[in-house]
Amino acid sequence: MESNVRVTQIWRHNGGTRMEIPLFTAGVSAGFPSPADDFVDRSLDLNEFLIKHPAATYFVRVEGTSMTGSGIHPGDILIVDRAIEPSDSSIVIAVLNGEFLVKRFRRDSNGCRLLPENPSYQAIELKEGMHLEVWGVVTYVIHKT
């Protein structure tokens, strides 16, 4: 079974931090520059924006290429909420036979599967005798450009 994308580090969210940064209310052009300073009228705290359940939120670093089709690349940090119930097509952190994996969770009339988002890898069909725990649901990807 080739699973590829693995969790390499896990950090718990520290809910005591707060840092507001300016929020531009106007769209940012990818073409010609615009005078955006006139549109700064609020601030945004990324913790408040990205984290809905602080006590159940973790950050994990991943390695591997099996989820590149969903925008998850080696070295990315995922924000994982353990309070959210996984639904069909959620991207999840799963613990399969003791190994942490990142995959898309599918549940339908054919059973449950963990799917990669890269055609070079195969789906993992969940069968009797396999020990699976859905550890949390990925809510955001932090990707360095």
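The values are calculated or read from the model by the stated rules, or taken from the named source; none is laboratory data. Computed from a prediction, not measured in an experiment: that's the story for all the values here. Cβ: placed from backbone, ideal geometry, glycine included. Neighbour counts: every protein chain shown. Accessible surface is based on the protein model in full, side chains and every heavy atom, while ligands, DNA and RNA are left aside. Shrake-Rupley method; radii C 1.70, N 1.55, O 1.52, S 1.80 Å.
Output the residues belonging to segment 103-125 that are open to solvent by 50 Å² or more (accessible area, probe 1.4 Å) and of a type outside the set (Asp, Glu).
The answer is Arg104, Arg106, Arg107, Ser109, Asn110, Pro119, Ser120, Gln122.
Residues being in a loop (DSSP other than H, G, I, E, B), closer than 14 Å to Phe100 by Cβ and open to solvent by less than 50 Å² (accessible area, probe 1.4 Å): count how many of those fall in segment 72-86.
Result for segment 72-86: 1.
Examine segment 115-132 for a residue that is part of a strand (DSSP E or B), farther than 22 Å from Trp11 by Cα, aliphatic (A, V, I, L, M) and touching a strand residue (DSSP E or B) at 6+ places or on another chain (Cβ under 6 Å), and state whether such a residue exists.
Within segment 115-132, one or more residues are part of a strand (DSSP E or B), farther than 22 Å from Trp11 by Cα, aliphatic (A, V, I, L, M) and touching a strand residue (DSSP E or B) at 6+ places or on another chain (Cβ under 6 Å).
Can you tell me which residue in segment 89-102 is most open to solvent (accessible area, probe 1.4 Å), limited to those that are over 12 Å from Val137 (Cβ atoms) and of a type outside the set (Gly, Ala, Ser)?
Applying the filter and picking the extreme gives Asn97.
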